[in-house]
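The structure appears right after this line, and notes come after that.
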Amino acid sequence: MTDHAGGPERMSPTPKISLRGLSKRFGPKVVLDNLDLDVMPGESVVVIGGSGTGKSVMLKSILGLLKPESGSIKIDGQEVLGLRGSDRDEVLRKFGMLFQGGALFDSLPVWENVAFGLLASGDISRKDAKVVALENLRSVGLGPEVGELSPAELSGGMQKRVGLARAIATRPEIIFFDEPTTGLDPIMGDVINDLIVECVKTVGATALSITHDMASARKIADRIAMIFGGKIIWIGTVDEIDNSGNPYVDQFIHGRAEGPIQMDLLKP
Amino acid sequence: MNFVAMVGRLFLGFLGTLGQIGTFTGTALSHCMTPPLYCGIIGRQMLNIGYFSLPVVGMTALFTGMVLALQIYIGSSRFDAEVAVATIVVIGITRELGPVLAGLMVAGRVSASMAAELGTMRVTEQIDALTTLSTNPFKYLVAPRLIAATVVLPLLVAVADTIGVFGGYIIGTEKLGFNSATYIKNTLDFMEPIDVISGLVKAAAFGFIIALMGCYHGYNSQGGAQGVGRATTNAVVSASVLILIANFIITELFFTR
Ligand SMILES: Nc1ncnc2c1ncn2[C@@H]1O[C@H](COP(=O)(O)OP(=O)(O)OP(=O)(O)O)[C@@H](O)[C@H]1O
Ligand SMILES: [Mg+2]
């Protein structure tokens, strides 16, 4: 196992996120198998890979929502696996996360969802938090009237955008986007892509995104990583992906049914 | 051989669950003791658990008090019925029937809704989302429910006691023809503070059990809508059984030396 697996082979600053030998299984089912990945500060890495290959599990493991069996997770060089109590809270404050299903709190109106992280940090009044929340809603293309609705009254795509607004509202250092553009129309999808790029470029956040949408991946990624069989099997810049020479990557980006990746339903 | 292995596995599983509930309770209690407390949420939960349970608990208490009066009247000899009905109704209601029936009714209503709410939050990743927004789910979801239920159930039972005794009074005076003033005098003369206090202590314990089971099963639910349904059933069943067990233990502590 090299020290730089998955990362550029140069003497670089400490990675913002560094995964080494990460393994996670559910019962007999191995989902992550010795996975290595580095994400540099201010970098935007997009992870692509088939459905059910463990992309969401990887994000949740980094956040400590799932407990991997083995491996190491370093944030800013600090080992976070097994951290508890206030140390863990401290680390978690660096993160924002857009969940695949939105995960909005349906007991609260939309604006309170967006302002939740701000209000939880405690040093802002409700009134100011609401102003910030409405501003964030506007940046994802939702008007102030949406702020008063309950999440159940929104369409799937609108929920996704509220989830996005909530993830970026606290201006976290590291943002995870789990399929940010799934379920959006192409135009709104591109608006969201721009928004993610803007978050990363102007705020200087580090982004780790998951997507199936290659157009989106090309737009928001500095580097693209492909996950397969519980490992990162290829990682490279956006320019390199078309000539990766990796049959798995080729099959995925061209969306072909034939190739080394066999979907379960195609097996005889 | 196979049978022994099965019993062993069941027993180990039982111990495992007991351990899990113990850890859950410990974590929840530590979050009840340390600030910040979400007072707004506690208030809303108290309203939901206490106020909105009033109709069902009130009806239960009223009819139980009335039935009790009828049964005692039928069962006792004519001449001491007037004393027996009043005293047995008040002791039966305050010591046992008020807290236990209110506890069971609230268990059905509140444990189920807590398990369903937290279970849905679990399977839709809302509980995970709380964590990523610097909010501890135990502090935000579990602790307020435990505090609210423990505080509000004694109040609810105090109301239920009053209504139950009143139910007995109605039957006694309207149907059985007892003298109103004598009935009230008999009730007050034979009622000891310990009767009421033990009932309220039970109520607090039942409230804790109700919220604990609702939260435990909801928080740990998995597997989509079906899992939430299972969590709801388990919450109500386990809360009801634990209430009956706790009732026995507390009675034992209070009334046997
Ligand atoms: N809580 C869980 N319990 C059991 N198995 C799980 C759990 N969470 C995920 N898995 C399994 O782990 C595998 C990876 O799941 P994951 O959600 O990470 O997929 P994914 O790569 O995000 O797929 P998609 O692109 O469809 O979202 C799946 O096969 C799933 O069955
Ligand atoms: Mg996923």
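The table that follows gives values for the structure above.
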item	result
Members of segment A:41-60 found to be away from every other protein chain (no Cβ under 13 Å), within 18 Å of residue A:97 (Cα to Cα) and not small (Gly, Ala, Ser), listed by number	A:41, A:43, A:45, A:46, A:47, A:48, A:55, A:58
Hits in segment B:26-47 (condition: modelled with pLDDT of 90 or more and polar (S, T, N, Q))	B:45
From the options A:209, A:216, residue that is part of a helix (DSSP H, G or I), at pLDDT 85 or above and among the hydroxyl-bearing types (Ser, Thr, Tyr)	A:216
Qualifying residues in segment A:61-87 (those that are under 19 Å from the mean Cα position of the chain (by Cα) and charged (D, E, K, R)) - the one nearest to the other protein chains (Cβ to nearest Cβ)	A:67
Pick from segment B:124-174, criterion within 14 Å of chain A (Cβ to nearest Cβ) and either under 14 Å from the mean Cα position of the chain (by Cα) or not in a helix (DSSP H, G or I) (or both), ranking: nearest to residue B:91 (Cα to Cα)	B:145
Selection from segment B:221-244 of residues that are within 12 Å of the chain's Cα centre (by Cα) and of a type in the set (A, V, I, L, M, F, W, C)	B:236, B:239, B:241, B:242, B:243, B:244
Hits in segment A:155-179 (condition: within 14 Å of another protein chain (Cβ to nearest Cβ), hydrophobic (A, V, I, L, M, F, W, C) and more than 16 Å from ligand 1 (Cβ to nearest atom))	A:162, A:164, A:165, A:167, A:168, A:169, A:174, A:175
Unmet requirement for residue B:190, which otherwise passes all of (1) more than 22 Å from residue B:76 (Cβ to Cβ); (2) within 28 Å of the chain's Cα centre (by Cα)	(1)
Residues satisfying the stated conditions in segment B:209-233, i.e. surrounded by fewer than 21 Cβ atoms within 10 Å (Cβ to Cβ), more than 16 Å from ligand 2 (Cβ to nearest atom) and part of a helix (DSSP H, G or I)	B:225, B:226, B:227, B:229, B:230, B:233
Single unsatisfied condition, residue A:236 versus (1) within 13 Å of the chain's Cα centre (by Cα); (2) in a strand (DSSP E or B)	(1)
Where residue A:102 falls short, out of the listed (1) in contact (Cβ under 8 Å) with a residue 24 or more places away in the chain; (2) more than 14 Å from residue A:232 (Cβ to Cβ); (3) more than 13 Å from the chain's Cα centre (by Cα); (4) assigned to a loop (DSSP other than H, G, I, E, B)	(3)
Residue list for segment A:25-55, restricted to those being within 12 Å of ligand 1 (Cβ to nearest atom) and farther than 15 Å from residue A:68 by Cβ	A:28, A:47, A:48, A:49, A:50, A:51, A:52, A:53
Members of segment A:147-156 that are touching a Leu at 6+ places or on another chain (Cβ under 6 Å) and either over 16 Å from residue B:124 (Cα atoms) or of a type in the set (Lys, Arg) (or both)	A:147
Members of segment A:1-49 that are modelled with pLDDT of 85 or more, assigned to a loop (DSSP other than H, G, I, E, B) and out of contact with any Phe, Trp or Tyr (no Cβ under 7 Å at 6 or more places or on another chain)	A:14, A:15, A:16, A:27, A:28, A:40, A:41, A:42, A:43
Close pairs (8 angstrom Cβ cut-off, 6 or more residues apart or separate chains): in contact (Cβ under 8 Å) with a residue 12 or more places away in the chain in segment A:38-64, small (Gly, Ala, Ser) and within 13 Å of ligand 2 (Cβ to nearest atom) anywhere	A:44/A:209; A:45/A:209; A:46/A:209; A:47/A:209; A:55/A:49
Residue in segment A:95-112 that is nearest to residue A:163 (Cα to Cα), counting only those that are crowded, with 17+ Cβ neighbours inside 10 Å and more than 9 Å from chain B (Cβ to nearest Cβ)	A:98
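The values are calculated or read from the model by the stated rules, or taken from the named source; none is laboratory data. From a predicted model like this one, the values you see are computed outputs, not experimental measurements. We place every Cβ from the backbone using ideal geometry, glycine too, and count neighbours over all the protein chains shown.
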